[in-house]
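These notes are about the structure you will find just below.
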Amino acid sequence: MGANVLMLLKKNKALAISMGIFLGLTGTSFAQSTSDTDKVSSENKVSVTDNENINANVNSFSDVPQGHWAYEALDYLAQHGVIEGYKDGTFQGNRTMTRYEMASIVANAMKSDKGDIGDKAVLNQLKEEFSEDLKQMQSQIDKNTSDISKLKEDAERFKISGFGRVSWDNDNIKGYNDQNDNNRFYLDLKGKLKVNDDWNFNFESETNQRYARYVTSAGEVKYHEGHDDSDGVIQRIWAEGNIDKLHVDVGRRWRGLGFQNVLLGNETDGIVLDYPLDNNGLKALAFYQKPTDAGYDFAMYGLGVQGPVSDNLQINLAYAQLDIDKNESPGYDPYNGNTPLVNTFGSHGLVLSAMWNPMKNITLIGDYVLTNAEKEHVAEWASDGTQHIFDIDENTSKSIRLNYRWTNLNDPGSFQLYTRWFDYGRHGNIMGDEEWGLLKPGSKGWVFGFKYVPAKNIEWETMYEIADMYSGIYGEKDQQYKRDFIRTQVDFHF
């Protein structure tokens, strides 16, 4: 057609529309719409934004070559958002047009109209012709919008998340269940069910297949020792919600006290309440919890405060009181004839924990724990027939961790470097998080490690521990040795 025709088209939008409809859509008839053709149209159409600077043109339509005699008209209409292409890159000018599609073209033309009087008269006639179609189309759009909103709301009522882990350890620990040269496969599956705008109901299922091969402290190699009977079932169920400003967490779940969970890091039954103290996230805590480990039968209750106190400092403080005396047994040993367990943590515990960011990418985390555990007098017979008599008087635990950067699961290539110094007293916690045997009571030393995100939602972590540690073997519990431990693991988050 040439530049003159294109100028004419720009002056008279109605002419372009007519050419686009009558000529560009060669062989098209104004058929009554059917559910099938409407479905095809709604599923495959790709909208073009009405923007004078957009580079949209019919070059993107593989079935409209530049030499086509309706090229300029279609190009003008595409640039102004009046016509649309298909996801396969075609214009499909020979396909039957429905009345709804014709109405859509008219509606788009009205939106992009700049008020030309000649155009207006033609467009108004077209609008009148297709007014009922436009009304029906708008009604269908409103219904679809409502249906989509309801589907989105229904989908958000139930969410599944968690991670799978593949790990390998090499450890020379003495006298504990988790021994050396181990590989483990683990799945943590969490579900959240939205009850209403204020409450959620949650569950968690763990599958821990433990070790396919491990070497005991005596040097015996074992294979496929199996896994816990509870693997794959829902072990934890709890509810979370708000009563005005009061947040409620009730049921069975994993809970901790302190940023590094040194005082407590364990599954518990109970309730935790928190209430905001300011508008920056600082809140007061009140809790009542019972650890669920086999044989234990005691509860703890207490108060705490946690949250930011300045732009670069957060605190996590808690005091826990037990419902047993410091000389009273906390339960019975189900693996040793239900003999009474020795109280190794007393009747109360205190944790002072802080997280400080002194500069960009640097985070310092510290925990100090104190219990009122009594001095334990121990008398044991060693394998050589000698008797070992000693006292254990270690009722504090300390841990300081230095992080450089943080990982981001949505940012492949992000990483973290960290080091941790720790000194865990044998009576220096109630039920602290041992992190799969990494941090044991009665050990003092260093951990060095890194985390790296090689791909989205995948995190690789490797750590090395060197520590002075007391043996856990009966008859040797007063003897120290140098513990060397290495772990590497990959977590797959979903």
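The values are calculated or read from the model by the stated rules, or taken from the named source; none is laboratory data. Computed from a predicted model, the values in this text were never measured in an experiment. Don't worry about glycine lacking a Cβ; one is built from the backbone with ideal geometry, like all the others, and counts go over all protein chains shown. Ligands, DNA and RNA are excluded from the accessible area calculation, which covers all protein heavy atoms including side chains. Shrake-Rupley method; radii C 1.70, N 1.55, O 1.52, S 1.80 Å.
For segment 264-297, enumerate the residues that are farther than 23 Å from Gln235 by Cα and either of a type in the set (A, V, I, L, M) or surrounded by fewer than 16 Cβ atoms within 10 Å (Cβ to Cβ) (or both).
Tyr275, Pro276, Leu277, Asp278, Asn279, Asn280, Gly281, Leu282, Ala284, Leu285, Ala286
Restricting the first member to segment 128-147 and to residues that are surrounded by 10 or more Cβ atoms within 10 Å (Cβ to Cβ) and at pLDDT 75 or above, and the second to residues that are acidic (Asp, Glu) and assigned to a helix (DSSP H, G or I), the beta-carbon pairs closer than 9 Å and six or more apart or on different chains are Gln140/Asp38. Given the condition surrounded by 16 or more Cβ atoms within 10 Å (Cβ to Cβ) and either out of contact with any Gly (no Cβ under 6 Å at 6 or more places or on another chain) or without any contact (Cβ under 8 Å) to a residue 12 or more places away in the chain (or both), answer yes or no: does some residue in segment 378-390 qualify? No: segment 378-390 contains no residue that is surrounded by 16 or more Cβ atoms within 10 Å (Cβ to Cβ) and either out of contact with any Gly (no Cβ under 6 Å at 6 or more places or on another chain) or without any contact (Cβ under 8 Å) to a residue 12 or more places away in the chain (or both).
Suppose the filter is among the polar types (S, T, N, Q), modelled with pLDDT under 95 and buried (at least 16 other Cβ atoms within 10 Å of the Cβ); does Thr207 pass it? So Thr207 passes the test.
Consider Tyr452 carefully, then state whether it is of a type in the set (Ser, Thr, Tyr), in contact (Cβ under 8 Å) with a residue 40 or more places away in the chain and farther than 27 Å from Ile400 by Cβ. It is false that Tyr452 is of a type in the set (Ser, Thr, Tyr), in contact (Cβ under 8 Å) with a residue 40 or more places away in the chain and farther than 27 Å from Ile400 by Cβ.
When segment 298-339 is filtered for residues that are aromatic (Phe, Trp, Tyr) and either open to solvent by 40 Å² or more (accessible area, probe 1.4 Å) or under 26 Å from Asn357 (Cβ atoms) (or both), the ones remaining, listed by number, are Tyr301, Tyr319, Tyr332, Tyr335. The single condition among (1) surrounded by fewer than 19 Cβ atoms within 10 Å (Cβ to Cβ); (2) modelled with pLDDT of 95 or more; (3) among the hydrophobic types (A, V, I, L, M, F, W, C) that Trp436 does not meet is (2).
Number of residues in segment 461-477 that are in a loop (DSSP other than H, G, I, E, B) and either β-branched (Val, Ile, Thr) or open to solvent by less than 60 Å² (accessible area, probe 1.4 Å) (or both): the value is 5. Remark: pairs (first residue in segment 468-479, farther than 16 Å from Glu376 by Cβ and at pLDDT 95 or above; second residue open to solvent by 50 Å² or more (accessible area, probe 1.4 Å) and part of a strand (DSSP E or B); Cβ separation under 8 Å; 6+ apart in sequence or on different chains) = Asp468/Lys444; Asp468/Gln480; Asp468/Lys482; Met469/Lys444; Met469/Gln480; Met469/Lys482. Checking segment 229-245 against the condition returns a match, with at least one residue being modelled with pLDDT under 95, open to solvent by 60 Å² or more (accessible area, probe 1.4 Å) and not charged (D, E, K, R). Within segment 398-414, restricting attention to residues that are under 22 Å from Lys456 (Cβ atoms) and among the hydrophobic types (A, V, I, L, M, F, W, C), the residue that is nearest to the chain's Cα centre (by Cα) is Leu409.
Screening Asp293 against (1) within 26 Å of the chain's Cα centre (by Cα); (2) within 27 Å of Ser399 (Cβ to Cβ) leaves a single unmet condition, (1).
Among the residues making up segment 401-449, those that are in a strand (DSSP E or B), touching a Leu at 6+ places or on another chain (Cβ under 7 Å) and within 30 Å of Tyr301 (Cα to Cα) are Phe422, Tyr424, Met431. Residues in segment 148-160 that are touching a residue at least 12 places away in the same chain (Cβ under 8 Å) and of a type in the set (A, V, I, L, M, F, W, C): Phe158, Ile160. Contact map, segment 161-174: residues that are more than 20 Å from Glu465 (Cβ to Cβ) paired with residues that are open to solvent by less than 10 Å² (accessible area, probe 1.4 Å) and hydrophobic (A, V, I, L, M, F, W, C), Cβ distance under 8 Å, separation 6+ or inter-chain. No pairs are found.
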